Amino acid sequence: MRGHTVRTAIALGALASLAAATGPVAASARTDSRAAAPPPVLVDCFWHAKVRPANFVLACGDGNSRLVSLHWSRWDTRSAVADGVNMVNDCKPYCAAGRFHAYAVVVRLDHPRTWKKDPHLRHYTRMTLTYKNAHPERLAQSVTYPLWN
């Protein structure tokens, strides 16, 4: 009987040691997997997922408005912020003969949602452009656009 008790005590001790050793590892693995989730993306005209792009076309049909020289100061799970330049064609007298003008702008992305094309990714669904100084004549100082899904 004594041999059985000793074996049981050794087995329980080994089991407790194993549980203690794996408990924190399992908890940190859960934390790490959540922390490793990819940040939201910005979906471009070709349905490519971009993170912190240097350039972004706003007018997909004709390319007459695009963001260039983007410098991102924030890109996290809730929003993204960049300084850059909005190159806008004045389309005078018509777009093919128009001139591009540069406007300093702050870009803000927010409202991340699950991306229909890839449900494993979240994408920003709204963009706000705030012009620092001058702005295109047909636009307000601050303009908000819904982004495609």
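Derivation of every value follows stated rules applied to the coordinates shown; laboratory data play no part. Predicted model only: the values in this text are computed from it and were never measured. As a convention, Cβ positions derive from the backbone with ideal geometry for all residues, glycine included, and neighbour counts pool all protein chains shown.
Data table
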quantity: Rg/Rh ratio calculated on Cα atoms of the range 42-146 (Kirkwood radius); calculated: 0.98
quantity: Around P112: net Lys/Arg minus Asp/Glu count, Cβ-Cβ under 12 Å; calculated: +2
quantity: Qualifying aspartates and glutamates (Cα of each under 17 Å from Cα of K116; at least 8 residues distant if same chain); calculated: D44
quantity: Between the range 127-149 and the range 34-110, the alpha-carbon center distance in angstrom; calculated: 11 Å
